[in-house]
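The values are calculated or read from the model by the stated rules, or taken from the named source; none is laboratory data. What you see is a predicted model; the values in this text were computed from it and never measured. Positions of Cβ are generated from backbone atoms using ideal geometry, with glycine treated the same way; all protein chains shown enter the neighbour counts. Ligands, DNA and RNA are excluded from the accessible area calculation, which covers all protein heavy atoms including side chains. Shrake-Rupley method; radii C 1.70, N 1.55, O 1.52, S 1.80 Å.
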Amino acid sequence: YFENEEIKGIDKESFEVVDSPYSKDKNYMYYRTERVDNVDIESFEIIEDSRFYDNDYYKDKNHVFFRGKSLDEVNPNEFKRLGKYTYFYSDGAHLYYSGNKMDHIDYKTFVIYDGISYCKDKNHVYYKDRILEDADPDTFIVLDGYCSKDKNFVYCGLKKIDGVDIDTFKMVDYRIGE
C-alpha cells in the first residue's frame, strides 16, 4: 500500500521502498501506486537536492523523472537545480519548473530572483512557470518570497494589488505588507 491505496501487481517477495514515494520489485519501479515505465531500475536515483518542498526529481542513466513521469529530451547527466531555494531546474539547454518545460523563456537572459518562485528574462517576469502580466523586467524587485513590485504595480504571486502606493509599499512580515 501507498497511504491508503494498494499498489497492484507487485511481486511481494522482492518489493522494497527506494525512496518514498518510489518503490520497486524485481520487475518494475513504482511512483506512489503507479508503475513507472521506461526506467532502468539499477541506475535509478534521486537527483541531489531535489526533495526541496516535494519536487520529486529522479533519474536513471537515460531519463529524468518528475513524480513518476519521464521528461522528454532531458539530459540526466546535466540536470540540476538552479540555486539552493528554487524549483527551477535545467539540463543546460532547457529550463524546467515543477516538471514543466518552460519553452517561452529566453534561456540566455534568464535570472532567478532570491526566493523560490520569481525569475525573469529580457522579455518577461515569471511567477513560477507563468508570465506575470504587465510586470516590467527592468524595474521588478522581489519583496519577499511571495510579494514583489515594479514601477507600475505591487504583486502577490500572480495577482496585482490595487490601491497601494508603489513607492512606499514595503513588507513588514512574510506576506504582510503596508
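Lysines near LYS128 by alpha-carbon distance under 16 Å, same-chain residues fewer than 8 away left out - which ones?
Excluding near neighbours in sequence, the set is LYS84, LYS101, LYS120, LYS149, LYS159, LYS160.
Heavy atoms of the protein only, probe of 1.4 Å, neighbouring chains included. What is the accessible area of GLU5 in Å², nearest 10?
100
Evaluate Rg over Rh across the chain, taking Cα atoms for both radii and Kirkwood's formula for Rh. Could you put the intermediate results ahead of the total?
Numbers: Rg = 19.9 Å, Rh = 18.3 Å.
Checking Rg against Rh, the ratio lands at 1.09.
Please arrange GLU16, GLU34 by accessible surface area, largest first, computed with a 1.4 Å probe and ligands excluded. Could you put the intermediate results ahead of the total?
Details: GLU16 90, GLU34 110 Å².
Highest to lowest solvent-accessible surface, that is GLU34, GLU16.
Charges only on Cβ, +1 for Lys and Arg, -1 for Asp and Glu: so what's the dipole of the chain about the Cα centre, in debye to the nearest 20?
Numbers: 26 positive and 38 negative charges, 34 e Å.
For this selection, approximately 160 debye.
Given a 1.4 angstrom probe, I'd like the percentage of the accessible area of the stretch 111-153 that is carbon and sulfur, rounded to a whole number.
Working: 940 of 2130 Å².
Within the stretch 111-153, the accessible surface is 44 percent carbon and sulfur.
For the chain, what is the accessible area per residue in Å², given a 1.4 Å probe and the full set of protein chains?
Computed with neighbouring chains in place, this is 60 Å² per residue.
Tally up the carbon and sulfur contribution to the accessible surface of the stretch 1-107 as a whole percent, 1.4 Å probe, everything protein left in place.
40
Quick one: plug the Kirkwood hydrodynamic radius of the stretch 127-167 (C-alpha pairs) into Stokes-Einstein at 10 °C, 1.306 mPa s, and report D in µm²/s. If you can, show how the numbers build up before the last one.
Values: Rh = 10.2 Å.
It comes out at roughly 155 µm²/s.
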